[in-house]
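The values are calculated or read from the model by the stated rules, or taken from the named source; none is laboratory data. Please read all numbers here as calculations on a predicted model, not as lab measurements. Cβ placement follows ideal geometry from the backbone for every residue including glycine, while neighbour counts extend to all protein chains displayed.
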Amino acid sequence: MKHRFALFLGVAAVALAVTSSALAFDCMRVSSSAQGLQQSANSSGMWIYFDMTDGGNGVTEILNFFGLPTNAAPCFQHAYDAAVNANPTLPKYFALGNGVAGGNNNGPGVLAHNNPNSNVLSNGTGIDHFDDTVLPVFLAAAPHCLS
């Protein structure tokens with residue numbers, strides 16, 4: 001179990017470093033409807049849609065991204081559902097920015113990172129940060145789900 005958790009933390013750190021445009025600024029839209037998020041992700045190519053509900057594939061996609069076994073998806077899904085019940089500001093679906101915070105838009109930049117009011121980056125509306133909302137749930141569940 002200790003080795004799997006250490007592996008998870010290592011993979012998470014490397015993935016965050018490697019995917020700078022998507023996760024270093026980790027901007028995610030959470031204020032639109034699921035249908036609106038999905039349509040904008042499909043049409044623009046600048047957003048990646050995640051459905052974190054039981055019928056969605058968001059948990060599996062996140063596990064795939066971090067190179068974790070997808071057979072742990074039910075455990076992580078249960079942990080995420082419990083976290084949403086405890087904190088309704090956690091998104092049930094969101095669109096993660098893919099180059100919107102720089103890279104594809106005339107150089108480096110951010111959507112909300114420089115906002116001095118940092119609590120707006122995890123309040124469940126507008127632009128939130130993946131590592132302030134979704135990632136902590138996965139990290140907390142990892143020791144149990146990967147054992």
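So the values come out like this:
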{"quantity": "So Phe76, is it part of a helix (DSSP H, G or I), under 14 Å from the mean Cα position of the chain (by Cα) and at pLDDT 85 or above", "calculated": "yes"}
{"quantity": "Subset of segment 24-39 that is at pLDDT below 80 and of a type outside the set (A, V, I, L, M, F, W, C) - its residue that is nearest to Asp131 (Cα to Cα)", "calculated": "Asp26"}
{"quantity": "Residue count for segment 36-54, restricted to those that are among the polar types (S, T, N, Q) and closer than 23 Å to Ala73 by Cα", "calculated": "2"}
{"quantity": "Qualifying residue in segment 96-115 (condition: surrounded by 14 or more Cβ atoms within 10 Å (Cβ to Cβ) and modelled with pLDDT of 75 or more)", "calculated": "yes"}
{"quantity": "Of all residues making up segment 34-71, the number that are outside any helix (DSSP H, G or I), more than 14 Å from the chain's Cα centre (by Cα) and over 23 Å from Asn85 (Cα atoms)", "calculated": "5"}
{"quantity": "Subset of segment 32-75 that is out of contact with any strand residue (DSSP E or B) (no Cβ under 8 Å at 6 or more places or on another chain) and among the hydroxyl-bearing types (Ser, Thr, Tyr) - its residue that is nearest to Asn98 (Cα to Cα)", "calculated": "Ser44"}
{"quantity": "Checking Leu68 against (1) at pLDDT below 95; (2) crowded, with 17+ Cβ neighbours inside 10 Å; (3) within 17 Å of Met28 (Cα to Cα), the condition it does not meet", "calculated": "(3)"}
